[in-house]
Protein chains: 2
Amino acid sequence: MTNPRARVGISLAEAETPSLLVDIDALDRNVARMARFAADHDVKLRPHAKTHRSPIIARRQIAAGAVGVCCQTVGEAEVMAQGGVGDILISNEIWGANKLARVAALARQAKVAICADDARNVADLDRAANDFGVRIDVLVDINVVGDVRTGVHPGEPAVRLAERVAESKWLSFAGLQAYAGKAQHVRDPDERAAAVRTAHEAVAKTRQLLGTAGLDCPWITGSGTGTYMLDGATDLYTELQAGSYVFMDLDYRRNLEADGKFYNDFEQALFVYSTVMSRPSESAAVLDAGLKSFSFDSGPPALDGVPEARWLGGGDEHLRLEVPGRPFPHALGAKVKLVPGHCDPTVNLYDCYLAVRDDRIEAIWPVAARGASS
Amino acid sequence: MTNPRARVGISLAEAETPSLLVDIDALDRNVARMARFAADHDVKLRPHAKTHRSPIIARRQIAAGAVGVCCQTVGEAEVMAQGGVGDILISNEIWGANKLARVAALARQAKVAICADDARNVADLDRAANDFGVRIDVLVDINVVGDVRTGVHPGEPAVRLAERVAESKWLSFAGLQAYAGKAQHVRDPDERAAAVRTAHEAVAKTRQLLGTAGLDCPWITGSGTGTYMLDGATDLYTELQAGSYVFMDLDYRRNLEADGKFYNDFEQALFVYSTVMSRPSESAAVLDAGLKSFSFDSGPPALDGVPEARWLGGGDEHLRLEVPGRPFPHALGAKVKLVPGHCDPTVNLYDCYLAVRDDRIEAIWPVAARGASS
């Protein structure tokens, strides 16, 4: 699964393109920075492994203090367990007898918890746990922002589902998942804070009603790279799920901070390496990294160090850029770094990371769970 | 590289999700239809393998009459040759000594031709061919639509580069590549025809100037699924490169025909299979196929058979849909088919196709060149 054409020890300039680069030092600084925030705020950190799909990076996060990882799919969870991660939260609903059997089987190899938002699904999970003779912690997923997404309504509906879990023979009600997905990418800091407040009120209300119903709620997990500083500063969340902070991307950098600056808590550690393969004009270039080398869901990538470069479009293997009114700064055949619009689905396009330090390929890390979406 | 959880012989309903489905019968009808068009119009067909990245599908196209395939990357070409395809055009510029060595090495295993738009690149290719003692056919890539893309200007610049190729010891000038990429997706039929006419004039002029310069031009390749009927009806193109026709996607279906109907020359043969995993409201659903299961560059996927379903957004593993004012037609846990917005980069997300006939998995075809973008 690793790139047969990359080799540890060669200089970055010798690497073929397109390839996925991770700056090891920047990654490690990001990992340390978030770990320090969690420690300072007395909250656990369980980074989302859907960002990197790599047990090597997960173990680096755990070595720095994380309690384990979140996974979004059973396949990701299996790869993480195989890669030595011992504590996994499947932060998602899982349907289907086959997949639930895989969850229960995995609970024999690692500590596995899962989310639910439906009583029938809880019954299916209970049956699977029974089949494998395992106890599984279940978090009730609550929809804290109100848009169309997973999760039961906060308050009474969450309490009813928690009671249903607590009645199950093989399942334990462990707490709540309260992920304000929409809030992560709200650009305006006041609007983002307001969205987060709404979520916090829903969590607080639900926690209180659970207490009234006699249900303990020791675990409240959620948050992300866009709101970790707001969620981590409350007494609500016991655990933060941020993922993108390890790499960063253009989309998160578009968030505005209260001081009017763009979000900059973490360094850019992820790049796509690409070659200039055609120069249609003095100011324009075609690069060899297109729709199969980037996810475009959050917009096109940016040319590193050349903020004025404008994206003109692209094909499956072409990216067309222009620097209006100026010569394009890179010659035909030159290799350049690009910053992805959205890190998670871009990573999922590659079989491996070229892990770079001082312009040399120091390691090749498989994206071991690439494509493990089922 | 195949999906360890799929199994030949099971019913489609037993397949895990998300997975990539190909309807074998629809695929074969599409393959036959394009082959018939090419035969009827006395033009060769060299389908683009970047669409499917599968030698199995390529060999089906060749068995139906195609002369070989186009590839966009060296990695794709290597996989096609390994998979038994004997005639490959790399319809792209390739930079870098390593990659050009791979091209030359491949020319020992299969008939390989390549495109160029720069004299320095031609010199590099000549050197690589010399190193491996192979003769390589080179097509001069001309930019026939004028936007920022690969290719030299038609006319004199193309003739000068063709002369440079013809002077090379190990290279043969074989003709022109004239791909009107932009024209493929022009919605209005009159505007599309006008864009194609501009391209045809550029081709005709360049061919004439080549003749005046004493250069034979036996091979003119280009076209695509959106304009094959216009390009194939001229005496200019000797070969059509269409690729998407094997699968089709939503984007090509947005093209309007002269009769006012949407483009419908080929059947939808490609789907993503997905499970309803949450039902936030009566009219809405969350499905388990998100940004890592579809390429969103040409818009979101559509729910097969439910044209009124509206896309509300999605996450890495979630797709949020609503049928406004009506109950969502599929229950929790149900498996449904989705039609991708853009077929090529969506295919590139999967390790294999589940090849389906009569709602049964009849074969599992690896996407053998998945990720082979370098």
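No lab work stands behind these numbers, since they all come straight from the coordinates. Since the model is a prediction, treat every value here as computed from it, not as a measurement. Every residue, glycine as well, gets a Cβ built from its backbone with ideal geometry; the counts of neighbours run over all protein chains shown.
Numbers for the structure displayed
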| read-out | value |
| --- | --- |
| 10 Å Cβ neighbours from other chains, averaged over peptide A:342-348 | 4 |
| Simple label model, 7 Å out from Cα along Cβ direction - B:Val306 to B:Asp190, nm | 3.9 nm |
| Whole-Å distance, taken between Cα centres, linking segment A:193-254 and segment B:275-347 | 27 Å |
| Candidates B:Pro329, B:Pro18, B:Pro154, ranked by Gaussian network fluctuation over chain B, Cα under 10 Å, top entry | B:Pro329 |
| Residue exposure sequence - B:Glu76, A:Glu156 - by fewest surrounding Cβ within 10 Å | A:Glu156, B:Glu76 |
| Size of electric dipole in segment A:172-240: Cβ of Lys, Arg +1 and of Asp, Glu -1, about Cα centre, debye, nearest 20 | 140 debye |
| Peptide A:332-340, shielding by other chains (average Cβ, 10 Å cutoff) | 2 |
| Nitroxide proxy distance, nm - points 7 Å out along Cα→Cβ at A:Leu256 and B:Arg5 | 4.3 nm |
| Phi-based couplings in Hz for segment B:223-230 (Karplus 6.51, -1.76, 1.60; Gly and Pro marked x) | 6, x, 5, x, 10, 4, 6, 7 |
| Max mean-square fluctuation residue, GNM over chain A, Cα-Cα springs under 10 Å, options A:His330, A:His48, A:His153 | A:His330 |
| Shape category assigned to segment A:18-141 from the gyration tensor of Cα positions, a/c cut at 1.5 | prolate |
| Equivalent-ellipsoid semi-axes of the protein assembly as shown, from the Cα gyration tensor, Å, largest first | 47, 28, 23 |
| Gain on full stretching of the segment that runs from B:Thr212 to B:Thr198 - 0.36 nm per residue minus C-alpha separation | 2.9 nm |
| Partners for B:Lys292 among lysines (Cα-Cα distance below 23 Å; same-chain residues under 8 apart left out) | A:Lys50, A:Lys99, A:Lys182, A:Lys292, A:Lys337, B:Lys50, B:Lys335, B:Lys337 |
| 10 Å binning of all Cα-Cα separations within chain A, expressed as whole percents from 0 upward | 5, 23, 30, 23, 13, 5, 1, 0 |
| Kyte-Doolittle at least 1.6, axis length at least 27 Å by Cα - qualifying DSSP helices, chain A | none |
| Shielding of B:285-296 by partner chains, average beta-carbon count, 10 Å | 6 |
| Residue of A:Ala289, A:Ala302, A:Ala194 that the Gaussian network model of chain A assigns the largest fluctuation, springs spanning Cα pairs under 10 Å | A:Ala194 |
| FRET efficiency, B:Ser172 to A:Asp358 (Cβ-Cβ, R0 35 Å, nearest 0.05) | 0.20 |
